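Taking it in order: structure first as structure tokens, then the write-up.
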Amino acid sequence: MTRIVKSPPKSSGKPRQRSHASRLSGHWLLHDAKARFSELVRRVRSEGPQRVTVHGRDEVVVITAEEFRRLKGDLTGEALIAAMQASPHRDVSLEPSRGPMPVREVVL
């Protein structure tokens with residue numbers, strides 16, 4: 001039986017980005033983020049947002065749940081109610097006028 005040995009891939013001449021260095025600066029390559037997800041989560045808590053890159057471009061930023069809730073805002077409508085109550089036009093009546101509905105004649 002003959003064994004075929006593949007030669008290592010040729011270098012493109014560009015220095016390869018080191019995954020360890022990328023983690024130190026808050027930037028993670030996707031494959032490192034997947035392989036070390038627990039560490040990524042710990043660093044989010046201790047160092048703040050962590051960026052994950054795909055093909056050299058930032059694709060996502062991992063943040064804490066608390067920061068996400070703060071950025072997302074209040075979905076209860078309290079902010080809208082507070083803004084309406086603070087409006088100088090809060091005393092304007094918005095009641096619809098009530099009257100008989102017009103009747104249309106339908107011709108068949």
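Checking the condition small (G, A, S) and modelled with pLDDT under 75, which residue from G77, G56, G13, G73 passes? Walk me through how you get there before you give the answer.
Working: G77 fails: modelled with pLDDT under 75; G56 fails: modelled with pLDDT under 75; G73 fails: modelled with pLDDT under 75.
Exactly one of G77, G56, G13, G73 is small (G, A, S) and modelled with pLDDT under 75, namely G13.
Tell me which residues, restricted to the range 16-46, are hydrophobic (A, V, I, L, M, F, W, C) and modelled with pLDDT of 95 or more. I'd like the intermediate steps shown before the answer.
First, pick out the residues of the range 16-46 that are hydrophobic (A, V, I, L, M, F, W, C): 21, 24, 28-30, 33, 35, 37, 40-41, 44.
Selection gives W28, L29, L30, A33, A35, F37, L40, V41, V44.
So which residues in the range 65-97 are among the polar types (S, T, N, Q) and open to solvent by less than 100 Å² (accessible area, probe 1.4 Å), if there are any at all?
Listed by number, the residues that qualify are T76, S87, S93.
Right, V106: among the aliphatic types (A, V, I, L, M) and in contact with a strand residue (DSSP E or B) (Cβ under 6 Å, 6 or more places away or on another chain) or not?
No; evaluated as a whole, the condition is false for this residue.
Determine which member of the set P100, P49 is modelled with pLDDT of 80 or more and either in contact with a helix residue (DSSP H, G or I) (Cβ under 6 Å, 6 or more places away or on another chain) or open to solvent by 100 Å² or more (accessible area, probe 1.4 Å) (or both).
From the options P100, P49, the qualifying one is P100.
The values are calculated or read from the model by the stated rules, or taken from the named source; none is laboratory data. Since the structure is predicted, the reported quantities are computational estimates derived from the model, not experimental observations. As a convention, Cβ positions derive from the backbone with ideal geometry for all residues, glycine included, and neighbour counts pool all protein chains shown. Ligands, DNA and RNA are excluded from the accessible area calculation, which covers all protein heavy atoms including side chains. Shrake-Rupley method; radii C 1.70, N 1.55, O 1.52, S 1.80 Å.
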